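Here the structure comes first, spelled out in structure tokens, and everything after it is commentary.
The values are calculated or read from the model by the stated rules, or taken from the named source; none is laboratory data. Everything numeric here is computed off the predicted structure, so don't read it as measured data. Don't worry about glycine lacking a Cβ; one is built from the backbone with ideal geometry, like all the others, and counts go over all protein chains shown. Accessible surface areas use protein heavy atoms only, side chains included; no ligands, DNA or RNA. Shrake-Rupley method; radii C 1.70, N 1.55, O 1.52, S 1.80 Å.
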Amino acid sequence: MKFYSTNNTSSRVSFKDAVFNSMPQDKGLYMPVTIPRLDDKFINNLDSYTLPEIAFHVAQNLLGDDIPAEDLKAIIDDAINFYAPIVKLEEDVYVLELFHGPSLAFKDFGARFMSRIMSYFLEEGEKQLDVLVATSGDTGGAVALGFLGVPNTRVTILYPKGKVSDIQELQLTTNGQNIRALEINGTFDDCQALVKQAFTDAELNETYRLTSANSINIARLIPQTFYYFNAYAQALKQGKTKIIFSVPSGNFGNIGAGLLAWKMGLPVEQFIAATNANDTVPQFLKSGVYQPKPSVATLSNAMDVGNPSNWVRIADLFKEDMSQLNKLITGYSFDDEETTKAINAVYDHYKYVVCPHTAIAWQALKDYQQDVPTNEVAGIFLSTAHPCKFPDVFSDEIASHIDTPAQVKKLQSKDKKSVPLGKDFEGFKDYLLKNA
């Protein structure tokens, strides 16, 4: 499979090149030249396949012969070694739990797959691979665990000071080995801007072999399609054939992966882009004007993105028919007060605890079901992170019903190690050059 830049559709690079040079020099993002449509027999019988089997079939169709079948199967079996169940909360309302991986967030799908792909492609004697990643919360922890101890790689994580939860910060800053953390005095957008600028800086690229572990890397996007197919497979087992997905959305890689799955033939009736106060995309869907703005801090910190990188990929998917995009995607946004109310409502209705991002997806689904008649259409909202990562947002009663996993308890005994930096590029570049 070949890939092109969204800023130069005539360009062509291999999957390996797209993975290692995650952002083209023209500042576009990589997309597959052709998006294969999976055959109806596979789609109609998804319920007869396991998650690793689904993942292998989807990846093989996208990547072609870039990775031999047996090698690809081994990579997937190693990377996707946890489950992602849908849980029925009421008739036609299901939650897709994506927090059962090592870092307790949906980013484990992308980070683990990508780290193993990079390790597979790295050849003995090659220059060390330096992975830069900006995080608004969960990406950094998933990438850190995905790459921890991987030979000939080093990860540098940039995170906004005071804008991630305590547990998220521990996941970023307590790894050591080949993982280092930079505490940036700014927002996630500032962190993301520093990473993007580094990729186009000639001196840094001469010194380092740079790549990204953010969702701008196509190797992050591909494995996120797996859980959409798998969720549909589980719905089929429960007699549901018409599905809508409500997706907590920040940098828009998550919903972008769902739309890629739809392009490959997954029969989804509707996608709901559920955001917090950083509502650039819901406003665009209403007005037709795409106007990025500075991000604001919210309870759902992993979605605090004012200029979503992956929106260019979504626009590219629908470049031949933008009216179809507006039909397929509906946007909803909620402030912190509404988020808290949703957390409490989910607990009151179901005795089920959701993180603030997941609460927003639930509220968006419920609002959509009220706004649009959806008889015999099952709604699945994505739960992107374990609630234990956000202890400060819950009442004492709800907090008492959160089962804290052992790995989190272990984290709390470790010491934070990070380097404080400003948001100016020269300071970031100076740090990288002095610590090459």
Residue, most open to solvent (accessible area, probe 1.4 Å), within region 373-411, restricted to residues that are free of Cβ contacts under 8 Å to residues at least 24 places away in the same chain and closer than 30 Å to Phe271 by Cβ: Asn375
Name the residue, out of Gly422, Gly427, that is in contact with a strand residue (DSSP E or B) (Cβ under 8 Å, 6 or more places away or on another chain), open to solvent by less than 40 Å² (accessible area, probe 1.4 Å) and free of Cβ contacts under 8 Å to residues at least 40 places away in the same chain. Gly427
Which one of the conditions (1) touching a residue at least 60 places away in the same chain (Cβ under 8 Å); (2) hydrophobic (A, V, I, L, M, F, W, C); (3) in contact with an Asp or Glu (Cβ under 7 Å, 6 or more places away or on another chain) does Ala277 fail to meet, given that it meets all the rest? (1)
Is there a residue in region 194-210 that is within 22 Å of Phe106 (Cβ to Cβ), polar (S, T, N, Q) and open to solvent by 10 Å² or more (accessible area, probe 1.4 Å)? no
Suppose the filter is under 18 Å from the mean Cα position of the chain (by Cα), among the hydrophobic types (A, V, I, L, M, F, W, C) and either open to solvent by 10 Å² or more (accessible area, probe 1.4 Å) or closer than 27 Å to Gln25 by Cβ (or both); does Leu132 pass it? yes
Return yes or no: is Asp47 more than 28 Å from Arg154 (Cβ to Cβ) and surrounded by fewer than 18 Cβ atoms within 10 Å (Cβ to Cβ)? yes
If we keep only residues of region 44-74 that are touching a helix residue (DSSP H, G or I) at 6+ places or on another chain (Cβ under 6 Å), among the charged types (D, E, K, R) and not in a loop (DSSP other than H, G, I, E, B), then the residue nearest to Ser11 (Cα to Cα) is Lys73
Checking Ile244 against (1) modelled with pLDDT of 95 or more; (2) under 22 Å from Phe82 (Cβ atoms), which test does it fail? (2)
Single residue of Lys429, Lys409, Lys416 found to be part of a helix (DSSP H, G or I) and under 17 Å from Glu169 (Cα atoms): Lys409
Selection status of Ala235, of a type in the set (Gly, Ala, Ser), open to solvent by less than 10 Å² (accessible area, probe 1.4 Å) and either closer than 25 Å to Cys191 by Cβ or in a strand (DSSP E or B) (or both): no
For region 22-32, check the following and say yes or no: at least one residue is over 25 Å from Pro308 (Cβ atoms) and of a type outside the set (Asp, Glu). no
I need a count of the residues in region 139-192 that are farther than 17 Å from Ser103 by Cβ, touching a residue at least 40 places away in the same chain (Cβ under 8 Å) and not in a strand (DSSP E or B). 10
Considering only region 217-258, state which residues are closer than 24 Å to Ile75 by Cβ, among the hydrophobic types (A, V, I, L, M, F, W, C) and over 10 Å from the mean Cα position of the chain (by Cα). Ile218, Ala219, Ile222, Phe226, Phe229, Ala231, Ala233
So which residues in region 78-88 are assigned to a loop (DSSP other than H, G, I, E, B) and surrounded by fewer than 19 Cβ atoms within 10 Å (Cβ to Cβ)? Asn81, Phe82, Tyr83, Pro85
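Results for (1) touching a Ser or Thr at 6+ places or on another chain (Cβ under 8 Å); (2) open to solvent by less than 10 Å² (accessible area, probe 1.4 Å); (3) within 30 Å of Val312 (Cα to Cα); (4) among the hydrophobic types (A, V, I, L, M, F, W, C), shown as yes or no for each residue.
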site: Asp17; (1), (2), (3), (4): no, no, yes, no
site: Met31; (1), (2), (3), (4): yes, yes, yes, yes
site: Ile54; (1), (2), (3), (4): no, yes, yes, yes
site: Pro68; (1), (2), (3), (4): no, no, no, no
site: Ile76; (1), (2), (3), (4): no, yes, yes, yes
site: Glu90; (1), (2), (3), (4): no, no, no, no
Within region 358-372, the count of residues that are under 22 Å from Ala105 (Cα atoms) and open to solvent by 50 Å² or more (accessible area, probe 1.4 Å) comes to 0
Give me a count of the residues in region 99-126 that are closer than 15 Å to Ile179 by Cβ and free of Cβ contacts under 8 Å to residues at least 12 places away in the same chain. 0
Output for region 141-157, where each listed residue is among the aliphatic types (A, V, I, L, M), over 16 Å from the mean Cα position of the chain (by Cα), open to solvent by less than 30 Å² (accessible area, probe 1.4 Å) and modelled with pLDDT of 90 or more: Val155
Restricted to region 12-43, and to residues that are assigned to a helix (DSSP H, G or I) and among the basic types (Lys, Arg), which residue is farthest from Phe113 (Cα to Cα)? Lys41
Please list, ordered by residue number, the helices (runs of 4 or more DSSP H) wholly in region 250-357 having 1 or more residues that are under 25 Å from Phe390 (Cα atoms) and open to solvent by 20 Å² or more (accessible area, probe 1.4 Å). 336-350
Tell me which residues, restricted to region 102-129, are of a type in the set (Ser, Thr, Tyr) and under 16 Å from the mean Cα position of the chain (by Cα). Ser103, Ser115
In region 111-135, what residues are out of contact with any Cys (no Cβ under 8 Å at 6 or more places or on another chain) and not in a helix (DSSP H, G or I)? Leu122, Glu123, Glu124, Gly125, Glu126, Lys127, Gln128, Leu129, Asp130, Val131, Leu132, Val133
